[in-house]
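A.B. asks: Attaching a single structure in structure tokens format; questions to follow.
The values are calculated or read from the model by the stated rules, or taken from the named source; none is laboratory data. Just so you know, these numbers come straight off a predicted model, no measurement behind them. Backbone-built Cβ (ideal geometry, glycine too); neighbour counts: all protein chains shown. Accessible surface is based on the protein model in full, side chains and every heavy atom, while ligands, DNA and RNA are left aside. Shrake-Rupley method; radii C 1.70, N 1.55, O 1.52, S 1.80 Å.
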Amino acid sequence: MEWAAISDRGLERENNEDGFLACPEIGLFAVADGMGGHQAGEVASWLALKALEGFVRQNSRANPLAVLLAAAEEANRQVYDASQARPEYSGMGSTLTACIIQPAAFSWVHVGDSRGYLIREREIRQFTEDHSLVCELLREGKLTPEEAAVHPYRNVLSRVLGTQPAVAVDEGTVALRSGEIILLCTDGLTAHLDAMESLDIVSRGDLTEQAKGLLKVALERGGKDNITVVIIRV
């Protein structure tokens, strides 16, 4: 297994509220994008990733998908409890997209609008769904893709980690073959590059060059948000 990761605050944000995990020894990788005022977004993403890693490490011999689901629930609880304990953290939350890679498959969990992609035989497929108001309207056929791209509420999330005592978590397990690539990223990347553009960049050079290449294009196109990318080649 090979991996590379990069995170940048972008061109317009004062702080980087994104975070990532890369724990190849247990097959765990994740990205998180925090939200909340007074730097609470940084706290939310950090807490979510810390809770996720701690739980998975303590239960690494159990069923990977069951462990990830329980770990996401624990991350939600810790972020929510922290938001209730201190007024300056009130309302904070975080996206979370995480996977555990096994020899012939990977299991994943997801909340929010960060994304996970699988690159297989020069094709790229998004295996997560964005939990945003606009994307839900798009899936229901109430908006066209053109309308969704400019909708004033396109950044409003419909589901996020840590804002409620419990959260619905998307999950799945996908078969893997040697040479296939998993791309995890926050919306700071996908706001500026579509899937086919990312595929083109991830098809050239080594993984570190690919991660830097994705970041470079996002920054060249405005880099309005924090940008985080994790690339894993099986």
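A.B. asks: For region 176-193, name all the residues that are of a type in the set (D, E, K, R) and buried (at least 20 other Cβ atoms within 10 Å of the Cβ).
C.D. replies: ASP187
A.B. asks: Restricting the first residue to region 176-204 and requiring it to be on the phi < 0 side of the Ramachandran plot and without any contact (Cβ under 8 Å) to a residue 24 or more places away in the chain, which pairs with a second residue that is among the hydrophobic types (A, V, I, L, M, F, W, C) and outside any strand (DSSP E or B) meet a Cβ separation below 8 Å and a spacing of at least six or different chains?
C.D. replies: From region 176-204, the pairs are GLU197/VAL217; ILE201/LEU193; ILE201/LEU214; ILE201/VAL217.
A.B. asks: Which of the numbered conditions does VAL67 fail, given that it passes all the others? Conditions: (1) over 24 Å from LEU176 (Cβ atoms); (2) crowded, with 22+ Cβ neighbours inside 10 Å; (3) without any contact (Cβ under 8 Å) to a residue 40 or more places away in the chain.
C.D. replies: For VAL67, the failing item is (1).
A.B. asks: Mind listing whichever residues of region 155-175 are in a loop (DSSP other than H, G, I, E, B) and crowded, with 19+ Cβ neighbours inside 10 Å?
C.D. replies: ARG159, VAL160, GLY162, THR163, VAL167, VAL169
A.B. asks: List the strands (runs of 3 or more DSSP E) inside region 93-136, counting only whole elements, that have at least 2 residues being under 14 Å from LEU176 (Cβ atoms) and open to solvent by less than 10 Å² (accessible area, probe 1.4 Å).
C.D. replies: Fully inside region 93-136 and qualifying: 105-111, 115-120.
A.B. asks: Let me ask you something else. Scan region 3-13 for residues that are open to solvent by 30 Å² or more (accessible area, probe 1.4 Å), under 16 Å from GLY213 (Cβ atoms) and touching an Asp or Glu at 6+ places or on another chain (Cβ under 8 Å) and jot them down.
C.D. replies: Hit for region 3-13 is SER7, nothing else.
A.B. asks: Can you name every residue in region 70-80 that is touching a helix residue (DSSP H, G or I) at 6+ places or on another chain (Cβ under 9 Å) and either of a type in the set (Gly, Ala, Ser) or open to solvent by less than 70 Å² (accessible area, probe 1.4 Å) (or both)?
C.D. replies: Within region 70-80, ALA70, ALA71, ALA72, GLU74, ALA75, ASN76, GLN78, VAL79 meet the criteria.
A.B. asks: Please pick out the residue among GLY41, GLY36 that is closer than 16 Å to ILE227 by Cβ and out of contact with any Ser or Thr (no Cβ under 7 Å at 6 or more places or on another chain).
C.D. replies: GLY41
A.B. asks: Going through region 29-56 one residue at a time, which ones are open to solvent by 10 Å² or more (accessible area, probe 1.4 Å) and either among the acidic types (Asp, Glu) or over 16 Å from GLU73 (Cβ atoms) (or both)?
C.D. replies: Result: ASP33, MET35, GLY36, GLY37, HIS38, GLN39, GLU42, VAL43, TRP46, GLU53.
A.B. asks: Hey, any hits in region 29-36 for a residue that's over 25 Å from PRO165 (Cβ atoms) and either assigned to a loop (DSSP other than H, G, I, E, B) or free of Cβ contacts under 8 Å to residues at least 60 places away in the same chain (or both)?
C.D. replies: Taking every residue of region 29-36 in turn, none turns out to be over 25 Å from PRO165 (Cβ atoms) and either assigned to a loop (DSSP other than H, G, I, E, B) or free of Cβ contacts under 8 Å to residues at least 60 places away in the same chain (or both).
A.B. asks: I'd like the full set of residues that are part of a strand (DSSP E or B), open to solvent by less than 40 Å² (accessible area, probe 1.4 Å) and within 24 Å of ALA105 (Cα to Cα), limited to region 14-28.
C.D. replies: Selection gives LEU21, ALA22, CYS23, LEU28.
Here's the yes/no breakdown for (1) closer than 12 Å to ILE119 by Cα; (2) open to solvent by 30 Å² or more (accessible area, probe 1.4 Å); (3) in a helix (DSSP H, G or I):
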{"position": "MET196", "(1), (2), (3)": "yes, yes, yes"}
{"position": "ASP200", "(1), (2), (3)": "yes, yes, yes"}
{"position": "THR208", "(1), (2), (3)": "no, yes, yes"}
{"position": "LEU214", "(1), (2), (3)": "no, no, yes"}
{"position": "LEU219", "(1), (2), (3)": "no, yes, yes"}
{"position": "GLY222", "(1), (2), (3)": "no, no, no"}
{"position": "THR228", "(1), (2), (3)": "no, no, no"}
{"position": "ILE231", "(1), (2), (3)": "yes, no, no"}
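A.B. asks: For region 108-148, enumerate the residues that are within 19 Å of ALA168 (Cβ to Cβ) and of a type in the set (Asp, Glu).
C.D. replies: Once the filter is applied, which keeps residues that are within 19 Å of ALA168 (Cβ to Cβ) and of a type in the set (Asp, Glu), region 108-148 yields ASP113, GLU129, ASP130, GLU136, GLU140.
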